[in-house]
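Worksheet: the structure to be examined is printed underneath.
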Amino acid sequence: MADSPSKAACPCPHTRALRDVDSEIADLIAAEERYECDTIRLIPSENYVSMAVLAATGSIFANKYSEGYASKRYYEGQVYVDQVEKLAIARACALFGVEHANVQPYSGSPANMAACFAVLRPGDTVMGLGLPFGGHLTHGWNVNFSGMLYRAVQYELDPETHRIDLDRVRDAARRERPKAIFCGGTAYPRLWDFAAFRAIADEVGAVLIADIAHVAGLVAAGAHPSPVPHAQIVTTTTHKTLRGPRGAMILCGADLAKAVDRAVFPTLQGGPHNHTTAAIAVALKEAATPEFRAYGRQIVANAKALAAALAARGYRLVSGGTDNHLLLIDLSDRPYTGKDGAQALSRAGLIGNYNTVPFDKRKPFNPSGIRLGTPAVTSRGMQTEHMEQIAAWIDTVLANIEDAGRIAAVKEEVREFCGGFPTPGILIGNGRKPRS
Ligand SMILES: *Cc1c(COP(=O)(O)O)cnc(C)c1O
């Protein structure tokens, strides 16, 4: 039977096989590929993985069960799986300069849960930056395991500067005597002073857990200070700035290796996702290159350029700007909310997300902020000069939030602009060759 035109357009055998079996899912993947090509993706936790990472993620290592750790498995047939996991671990240790890495956590949240299991008992006190201030759910928020199993204490940002106030953190730590302190967050546009956090943790006898899910790629690239050797435990996702598959890692010294490994398996998880482990290994190899160092620096340069271009157009930014890959537009003084703004931007193909701003007077499901980041656009090769154009579009949309015609016109301009920036891992790219 002759291939249909859509079949002929499919580049690889496994894509063709998918289309033969399930054209609905194949169509949805093709549509998502087109969408990821034709829009400007500004969600700071998202990225484009390389074709190499994608190939490992879609590999037959998905077939294997391998509960346990390399050379200590509960299943036979681990000749190659063990080598994959050892490679991933060795690369993680080399890249971040740690003695031990666990590459099995299914994602960032389970990694944080395992980190807590490694050093806390139920009822112990844990401290972290509050969710409305840019912390993560797993750092002690009340509806999360971390706020349910433990006595959680949340620190806030300085009400004037919207930055971490170390005096405030120290006072809270002295008063509450936490057993573990989280630093790191999801919506904090400034650098983390890991050494200062460690000094506070030491003073009260707490373990410092640095959650670098958002900035791991910047740390690997030398574009953000490293939490090593300050934090006793470092957790990270692998799919944000690190540009790997959806997964996570826990990094620590030899002293905590056993406790961390036991917390992941058997306490929290069963069999590791070996296809993900393989893809993590690939991503870590990519992250150790000079190209990735340049990439990390460009992410920050782009974020600073985007922040400056928005500020020049009169937008207030949380903390006044950014030192990393993300920024928060503060719309507290505008008649529309962050949700209104993010939804209007999305209609124009500018994809961000609504977010609380520090001390937000609006509700969390309709807050005052829009969170934007540059990891994905930088993966497409966009440079600082392109941030000016993106800021101009953002401004046009937000200034014409009810004007469907203006927004549709921006969407078309965005689509055309995107054609000049091929997407890693996606073969279409508006007819251009893939970047990698
Ligand atoms: C994204 C993120 C996580 C959670 O990762 P998931 O993979 O979504 O579970 C944890 N901590 C921080 C700081 C994050 O940004």
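The values are calculated or read from the model by the stated rules, or taken from the named source; none is laboratory data. Predicted, not measured: the structure shown is a model, and the values here were computed from it. Heads up, the Cβs are rebuilt from the backbone with ideal geometry, glycines too, and the neighbour counts pull from every protein chain shown. The accessibility values were calculated without ligands, DNA or RNA, using every heavy atom of the protein model including side chains. Shrake-Rupley method; radii C 1.70, N 1.55, O 1.52, S 1.80 Å.
Show that you can apply the helix-only estimate: for the chain, add -39,500 (n - 2.57) for every DSSP H stretch of four or more residues, divide by all residues, and state [θ] at 222 nm to the nearest 500.
Numbers: 17 runs with 191 residues, N = 436.
Helix contribution divided over all residues of the chain: -13500 deg cm²/dmol.
Taking N as the number of residues in the range 128-167, what is its Cα Rg relative to 2.2 N^0.38 Å? Walk me through the numbers on the way to the answer.
Values: Rg = 10.6 Å, N = 40, 2.2 N^0.38 = 8.9 Å.
Working it through for the range 128-167, the quotient is 1.19.
Give the distance, in whole Å, between the Cα centre of the range 182-204 and the Cα centre of the range 239-289.
Between the Cα centre of the range 182-204 and that of the range 239-289, the gap is 22 Å.
For the range 69-205, treating each Cα as an identical point scatterer without solvent, what Debye log10 I(q)/I(0) comes out at q = 0.15, 0.17 1/Å?
Evaluating at q = 0.15, 0.17 Å⁻¹ gives log10 I(q)/I(0) of -0.82, -0.97.
Could you work out Rg/(2.2 N^0.38 Å) for the range 296-436, with Rg from alpha carbons only? Display every interim value, and only then the final one.
On the way: Rg = 15.0 Å, N = 141, 2.2 N^0.38 = 14.4 Å.
Normalised Cα radius of gyration, the range 296-436: 1.04.
Taking the Cβ-Cβ separation of Ala55 and Ala31 as r and a Förster radius of 25 Å, what is the calculated FRET efficiency to the nearest 0.05? Intermediate values should be presented prior to the final figure.
Values: r = 21 Å, r/R0 = 0.86.
Efficiency computed from Cβ-Cβ geometry: 0.70.
Using a 10 Å cut-off on Cβ atoms, rank the peptides 170-180, 296-306 from the highest mean neighbour count down. Intermediate results must be reported in sequence, preceding the final value.
Numbers: 170-180: 17.5, 296-306: 22.5.
With the highest mean Cβ count within 10 Å placed first, the list reads 296-306, 170-180.
Gaussian network model of the chain, Cα springs within a sub-10 Å range: biggest mean-square fluctuation belongs to which of Arg91, Arg121, Arg190?
Among Arg91, Arg121, Arg190, the largest GNM mean-square fluctuation belongs to Arg121.
Pairs of lysine in the chain with Cα under 17 Å and at least 8 positions apart or on different chains: total?
Close lysine pairs found across the chain: 9.
Top to bottom by accessible area (1.4 Å), largest first, where do Cys116, Cys93 land?
On the way: Cys116 0, Cys93 25 Å².
These residues rank, largest area first, as Cys93, Cys116.
Calculate what fraction, in whole %, of the accessible area of the chain sits on carbon and sulfur atoms when a 1.4 Å probe is rolled over the protein chains.
Numbers: 9960 of 18370 Å².
The C+S portion of the solvent-accessible surface of the chain is 54 percent.
Enter the Cα centre distance for the pair the range 371-399 and the range 138-165, rounded to the nearest angstrom.
31 Å
7 Å from Cα along Cα→Cβ at both Gln383 and Asp202: what's the point-to-point distance in nm?
4.4 nm
Looking at the chain, what % of its DSSP beta bridges pair antiparallel, to the nearest 5? Kindly include the intermediate steps, with their values, before the conclusion.
Working: 21 of 37 bridges.
Counting only bridges with both partners in the chain, antiparallel ones make up about 55 percent.
Which FRET efficiency value, to the nearest 0.05, is calculated for Ala399 and Lys361 with the Förster distance at 22 angstrom and r the Cβ-Cβ distance?
Details: r = 22 Å, r/R0 = 1.02.
Efficiency at R0 = 22 Å is approximately 0.45.
Using all C-alpha to C-alpha distances in the chain, build P(r) with 20 Å bins and read off the rounded percent in each one.
Cα pair-distance distribution for the chain, in percent: 25, 56, 19, 0.
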